[in-house]
Amino acid sequence: MSLTMRARANSAPIWWTIIVSVSVCVLGYATLWVAHAIGWTKSGAVPWQPVVGIVLVVVAIVSYGGFYVACRRARIAIASSFLLTFLVMLAFALTLPGFADLAEESYARGFVDDFRTIVMTVVISYFGSEAVVGAAKVTAAKTAQDATAESIRRSDRDLVTPPPPEGDLETPPPPED
């Protein structure tokens, strides 16, 4: 299996994460849309709060699990989970009148503001740690030997599996003199 195929193999969990997250969001919106069309949201037969809660929880868990399986790095899984959950919550807040009204109340507004602060902190720390790792790699690669420098440059690549062992590579024969 070539290195390109190995790198693509890790994209399958990401695609499944996207498919499941989008499907759950669409199913949640469809449920609320049908319930609103029938009049069940006004009568209280289908309240929007559990639907939104279930969608947010499923998106958070699926995005964490999918990105963790894809790259085996907790910081990427945590950042993706918080960011995707926040984006779905933002979509609900912008489109559901009940959610927007609730977000204006003091307790809910504090919760939404706190969650936004947590998301900003997670994203900032993710990119900050990425900068530190990059700087460390550049510094270490400058002082290392050729093989070690290449190993350092390849380290910490997200969503790419390590290269296969030396005997597993399909290398052309050396040129004849």
Length gain on complete extension for the stretch TRP16 to THR95, per 0.36 nm per residue less the alpha carbon to alpha carbon distance? 25.9 nm
Can you compute the modelled spin-label distance between LYS42 and VAL26, with each label point 7 Å from Cα toward Cβ, in nm? 2.9
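We did not get these values from a lab; they are worked out from the coordinates using the rules stated. None of these values were measured; they are calculated from a predicted model. Every residue, glycine as well, gets a Cβ built from its backbone with ideal geometry; the counts of neighbours run over all protein chains shown.
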